Amino acid sequence: MRYMNRSKELWMLPLALALLLSACKKDFLEQKKLSAIDEEGVFSDSIRSRGMLNNLYSNIGMSFNSRRYSNTPLDAATDDAEPNLYDNAIATFYTYRLSNGAINSSNTDKDVWTRCFQMIRAANIYIKNKDKVPVTNVTKDFWHGQVRFLRAWYYFTLLKHYGGIPLIGDKVFEGDELIDVQRSSYEDCVNYIVSELDAAAALLPATFEPGSQENLRVSKGTALAVKSRVLLYAASPLFNAGARADDPDHYVSYPSSDNERWKKAADAAKAVISLNVYRLYTLGATPFYEQFLKNVPQDLPEAVFLYWQPQNTANNFYVENSANPVSRGTNNGYQGSAKYVPTQELVDAFGMKNGLPISDPASGYTDGDNMYKNRDPRLTFTVHYNGALRYMGGAFGDQPVYTYTGVIPVSTNRSVTSAIDDGMYRPTGTPTGYFRFKSMNNFGTGSGSELYRPWTLMRYAEVLLNAAEATNEYSGPSAEVYGWLKEIRERAKIDAGANGLFGLKANMTREEMRDVIRNERRTELAFEEHRFWDVRRWKIAPETENRETHGMEITRDASGKYSYRRVVVRKHTFTDAMYFFPIPQSEIVRSPALKQNPGY
């Protein structure tokens, strides 16, 4: 393990203020050993010091990134989505190889390992010099709290990929200095990250003044919410099931199981709720989908942790370019076909508007022409399905997205049918019969211009689900658990029903509630970088990932009548080694003290 070096001077760091939290990719880590004069010059200047702080935000979204691997996110390596098999370069997609079980220590992605440790070193340089910064003590504490939080975030990003990683504390390794440090145990890493988040929370404000540019930064609630996620993962079966014979150093597991870990996770989530800072996004008739298109802090009451891209970068159509149907882009300024598409498995996870799963005979679900009617409203705002109305641009207004195959009406007017572009088996179409819609602009204003909006790395709905899961696992389905789920379902506009339970069964067992919570996470948090990690921490990946995925083939005949057939898209492969990423072999060679993860 070592840090990359280039001769970029420290003083040339981005000096952007609150709006430019992501800065450039060539940061101060990619340079030769800093001289004392360089450091003195930076930390004696508040603007340059703030530039260093700003740059620490530049990689917080690396794992979440919806275009992380060949324009596909980690979701495309799960049963929720598939890399688009119609793309000629599909075999090179990392998500495709990842779900094929074709990743090893020699071909694994090195980016997260390299960049996270670069950012950790950056944070350590700042902490080493924090007392030199010429600002008030209040500002100094605020900046220090952000740095402590961001360092913990990068450690957690490493932890969820690899398990236990080397903890280096505040030490700054210089230049090409070899970092031959052993991995710390999973437990030690969790304890360190939690302690850092607690320390950050003590230095950060609970909230910010409305309209303040500081709304774009992290707060006490952010630190406590991330702590709830860290502890939820740690309490889960993958880590909390006791000692593993193939993990004698406990890099990927605790030495013994402990049900009290669930209580710690529950308490952490409840601490965020009790702040009374966040609320679910509900603005009259506006669906929950709209929150992903907002760019004003006052309009983001649910946002806990955001990644703001620089406004002057090629941010327009960032998600749209990788996931939208071609028909929605022709008149709106972007081109290209979708690189990944939702599966039938994800669509089936959405229940009905009455809150019942489609497998329940009382739900009212029927196959065929009515399969998308009266569904959980979140389905419409997550997935483009055949016949879904979406804004097409220009004078066309709202038109259906058609994904059918078969007899396509002959017309040069794409508003008649988009199936010629979007349909199954078309070169620019979808192999599953679906496209992603969540987080993408519907161009409803008719302007054809893209909204500048952040990535939502964490939001309040997740905190409620974290609290519900941890509480249920610790003590069963209490009134609190029901209350949190009802809150989310009410916001989703699921019918309350005569009993006011929004489709939830009364008096559920712990196991029944567990299934409900897991499915609620899948539907509420779809395409927000949860499914990949959830199925692993729950240890259900052999069932969800080692299987075939499916699509819905809808065939239109000459009369316009549809027929429906569930079709196999692709067989995935999952092995026990795939619960974690392999540590890059180049790092193992460079740092002999490192040990590889089990199975690689």
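For the range 370-398, a residue qualifies if it is of a type in the set (Lys, Arg) and closer than 29 Å to LYS486 by Cβ, and the qualifying residues are LYS373, ARG375, ARG378. Within the range 303-312, restricting attention to residues that are surrounded by fewer than 21 Cβ atoms within 10 Å (Cβ to Cβ) and not polar (S, T, N, Q), the residue that is modelled with the highest pLDDT is TYR307. Within the range 415-460, the set of residues being under 21 Å from the mean Cα position of the chain (by Cα), modelled with pLDDT of 90 or more and of a type in the set (Phe, Trp, Tyr) comprises TYR434, PHE435, PHE437, TRP455, TYR460.
Within the range 418-435, the set of residues being surrounded by fewer than 24 Cβ atoms within 10 Å (Cβ to Cβ), in contact (Cβ under 8 Å) with a residue 24 or more places away in the chain and not in a loop (DSSP other than H, G, I, E, B) comprises just one member, ASP421. For the range 476-500, the tally of residues that are farther than 21 Å from LYS438 by Cβ and either outside any helix (DSSP H, G or I) or among the β-branched types (Val, Ile, Thr) (or both) stands at 10. When every residue of the range 256-263 is checked against the conditions, at least one turns out to be farther than 16 Å from TYR186 by Cα and charged (D, E, K, R). Screening SER257 against (1) surrounded by 16 or more Cβ atoms within 10 Å (Cβ to Cβ); (2) closer than 20 Å to GLY164 by Cα; (3) free of Cβ contacts under 8 Å to residues at least 60 places away in the same chain; (4) not charged (D, E, K, R) leaves a single unmet condition, (1). For the range 71-101, which residues satisfy the criterion of being without any contact (Cβ under 8 Å) to a residue 40 or more places away in the chain and among the small types (Gly, Ala, Ser)? Answer for the range 71-101, where residues must be without any contact (Cβ under 8 Å) to a residue 40 or more places away in the chain and among the small types (Gly, Ala, Ser): ALA89, ALA91. Of all the residues in the range 532-549, those that are within 16 Å of GLU469 (Cα to Cα) and among the hydrophobic types (A, V, I, L, M, F, W, C) number 4. Taking the numbered list (1) in the same structural domain as TRP533 (by TED's automatic domain parsing); (2) assigned to a helix (DSSP H, G or I); (3) surrounded by 21 or more Cβ atoms within 10 Å (Cβ to Cβ); (4) at pLDDT below 95 in turn, GLY51 passes all entries but (1).
If you go through the range 478-488 one residue at a time, do you hit one that is among the basic types (Lys, Arg) and at pLDDT below 95? Looking for residues that are among the basic types (Lys, Arg) and at pLDDT below 95, one finds none in the range 478-488, hence no.
Inspect the range 501-512 for any residue being farther than 26 Å from MET458 by Cα, touching a residue at least 12 places away in the same chain (Cβ under 8 Å), polar (S, T, N, Q) and in a strand (DSSP E or B) and give the result as yes or no. No, the range 501-512 contains no residue that is farther than 26 Å from MET458 by Cα, touching a residue at least 12 places away in the same chain (Cβ under 8 Å), polar (S, T, N, Q) and in a strand (DSSP E or B). Looking only at the range 266-292, filter to residues that are in a helix (DSSP H, G or I) and out of contact with any Phe, Trp or Tyr (no Cβ under 8 Å at 6 or more places or on another chain); which one of those is farthest from ASN442 (Cα to Cα)? In this case the residue turns out to be ASP267.
Taken over the range 169-204, the criterion of being in a helix (DSSP H, G or I) and closer than 26 Å to ARG244 by Cβ is satisfied by TYR186, GLU187, ASP188, CYS189, VAL190, ASN191, TYR192, ILE193, VAL194, SER195. In summary, GLU512 fulfils each of the numbered conditions (1) touching a strand residue (DSSP E or B) at 6+ places or on another chain (Cβ under 6 Å); (2) surrounded by fewer than 17 Cβ atoms within 10 Å (Cβ to Cβ); (3) not polar (S, T, N, Q) with the single exception of condition (1). Contact map, the range 376-398: first residue surrounded by fewer than 18 Cβ atoms within 10 Å (Cβ to Cβ), second residue among the polar types (S, T, N, Q) and not in a helix (DSSP H, G or I), Cβ cut-off under 6 Å, separation 6 or more or different chains; pairs are GLY394/ASN331; PHE396/SER415.
Take LEU465 and decide whether it is in a helix (DSSP H, G or I), of a type in the set (A, V, I, L, M, F, W, C) and buried (at least 19 other Cβ atoms within 10 Å of the Cβ). Yes; evaluated as a whole, the condition is true for this residue. The helices (runs of 4 or more DSSP H) found entirely in the range 89-168 that carry 3 or more residues being surrounded by fewer than 19 Cβ atoms within 10 Å (Cβ to Cβ) are 111-129, 137-162.
The values are calculated or read from the model by the stated rules, or taken from the named source; none is laboratory data. Source: prediction; values computed, not measured. Every residue, glycine among them, receives a Cβ derived from its backbone with ideal geometry; neighbour counts consider all protein chains shown.
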